[in-house]
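Chemist: First the structure, then my questions, so here it is.
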C-alpha cells in the first residue's frame, strides 16, 4: 500500500509538471574579438506548483561560459529577489533557479562564451520542459559579427537568412521548431572566404566536371578508336 501511494504521488507530480511548457525561445549572440555575448530569452508557462526550474548547458572544450546573469519577466525589481547559481558538473553547466512569488513568464539568461578556435561550439541553455508547439518560429536566433570576420553555420539547419542591416556587422538569422542546445559555427580564414564564394566554387567545379563528361561522351569513339 505504501509503495502504491508513492507511485501514485510520483504520477500526479509528474503530470502537474508536464503541464508546464516553453512557449518560445529567442536568442541573440554578438561576437567581438573571440567573445560571444549571448542573451537567451525563454518564454514559459509554469504551473503554480513549480518552485524550482533547472536550466542546463553542455560544457564544450574550448568554449568557456562566464559572467552568467539571470533575470525574469524583464523586471529589475524581480531580478533582485531571484535566487540562482551556476554549477559546472559532469560535463554540464547547471543553473538552478528559485521561482519568485510573482508569476514567471520570461527567463532571460545573459552570459559570455570565450572561444578562439576555428570550430566554434556555442552552448545554449535548455530545460526538460516540453515545447508548447512545434512551429517554425518557436526558436529564433540572431548571430552578428563584424564585417571583417566571416562565419559559416554548420548546425543547426534551419530557415537561414543572411544580411548586413546592422551597421558594421553582418548577421545570420534562423528559426527552428525545437529548442537547440548548441550552435556550431566555422570561423573562416578571411571575409572573402564567405559561404557565397564557397558555394560558387563548388558549383563551378561541378559544372566543369559535367562539361568534361559531356565532351568525353561526344568524342568517345575518337578516344576509343583514335
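The values are calculated or read from the model by the stated rules, or taken from the named source; none is laboratory data. On a predicted model such as this, the values are computed, not experimentally measured, just so you know. Glycine also receives a Cβ, built like all others from the backbone with ideal geometry; neighbour counts cover every protein chain displayed.
Chemist: Against the condition in contact with a strand residue (DSSP E or B) (Cβ under 8 Å, 6 or more places away or on another chain) and closer than 14 Å to residue 125 by Cα, how does residue 66 come out, does it pass? Steps first, please.
Modeler: Values: in contact with a strand residue (DSSP E or B) (Cβ under 8 Å, 6 or more places away or on another chain): yes; closer than 14 Å to residue 125 by Cα: yes.
Spelling it out, residue 66 is indeed in contact with a strand residue (DSSP E or B) (Cβ under 8 Å, 6 or more places away or on another chain) and closer than 14 Å to residue 125 by Cα.
Chemist: Six or more apart or on different chains, Cβ atoms under 6 Å: show the pairs whose first residue is in segment 59-71 and assigned by TED's automatic domain parsing to the domain that holds residue 90 and within 13 Å of residue 38 (Cα to Cα) and whose second is surrounded by 14 or more Cβ atoms within 10 Å (Cβ to Cβ) and modelled with pLDDT under 90.
Modeler: 68/86; 70/84
Chemist: To continue, here is another question. Just give me the residues in segment 128-143 being over 13 Å from the mean Cα position of the chain (by Cα) and surrounded by 15 or more Cβ atoms within 10 Å (Cβ to Cβ), in sequence order.
Modeler: Pass one, segment 128-143, residues over 13 Å from the mean Cα position of the chain (by Cα): 128-137.
Result: 129, 131, 132.
Chemist: Next up: Just for segment 117-127: of the residues that are in a strand (DSSP E or B) and surrounded by 15 or more Cβ atoms within 10 Å (Cβ to Cβ), which one is farthest from the chain's Cα centre (by Cα)?
Modeler: Within segment 117-127, the subset in a strand (DSSP E or B) is 119-123, 126.
Checking which are surrounded by 15 or more Cβ atoms within 10 Å (Cβ to Cβ) leaves us with 120-123, 126.
Details: 120: 12, 121: 10, 122: 7, 123: 7, 126: 9 Å.
Across segment 117-127, the extreme among qualifying residues is 120.
Chemist: Could you tell me which residue of segment 98-116 is surrounded by the most Cβ atoms within 10 Å (Cβ to Cβ), considering only residues that are part of a loop (DSSP other than H, G, I, E, B) and modelled with pLDDT under 90? Outline the logic, then answer.
Modeler: Taking segment 98-116 as the starting set, the residues that turn out to be part of a loop (DSSP other than H, G, I, E, B) are 99-105, 115-116.
Next, only the ones that are modelled with pLDDT under 90 stay: 99-105, 116.
Numbers: 99: 17, 100: 18, 101: 7, 102: 12, 103: 11, 104: 20, 105: 15, 116: 10.
Filtering first and then ranking leaves 104.
Chemist: Name the residue that is nearest to residue 183 (Cα to Cα), counting only residues in segment 128-152 that are assigned to a strand (DSSP E or B) and in contact with a helix residue (DSSP H, G or I) (Cβ under 8 Å, 6 or more places away or on another chain). Even if it seems obvious, please write down each step before you answer.
Modeler: The initial filter retains those residues of segment 128-152 that are assigned to a strand (DSSP E or B), namely 130-131, 139-146, 151-152.
When the remaining residues are screened for being in contact with a helix residue (DSSP H, G or I) (Cβ under 8 Å, 6 or more places away or on another chain), the result is 130, 152.
Working: 130: 20, 152: 11 Å.
By that ranking, first place goes to 152.
Conditions tested, residue by residue: (1) within 28 Å of residue 176 (Cβ to Cβ); (2) in the same structural domain as residue 143 (by TED's automatic domain parsing); (3) surrounded by 15 or more Cβ atoms within 10 Å (Cβ to Cβ); (4) modelled with pLDDT under 90.
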position: 1; (1), (2), (3), (4): no, no, no, yes
position: 4; (1), (2), (3), (4): no, no, no, yes
position: 9; (1), (2), (3), (4): no, no, no, yes
position: 13; (1), (2), (3), (4): no, no, no, yes
position: 31; (1), (2), (3), (4): yes, yes, yes, no
position: 42; (1), (2), (3), (4): yes, yes, yes, no
position: 53; (1), (2), (3), (4): yes, yes, yes, yes
position: 81; (1), (2), (3), (4): no, yes, no, yes
position: 94; (1), (2), (3), (4): yes, yes, yes, no
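Chemist: Can you find even one residue in segment 154-165 that is part of a loop (DSSP other than H, G, I, E, B), within 13 Å of the chain's Cα centre (by Cα), at pLDDT 85 or above and surrounded by fewer than 18 Cβ atoms within 10 Å (Cβ to Cβ)?
Modeler: yes
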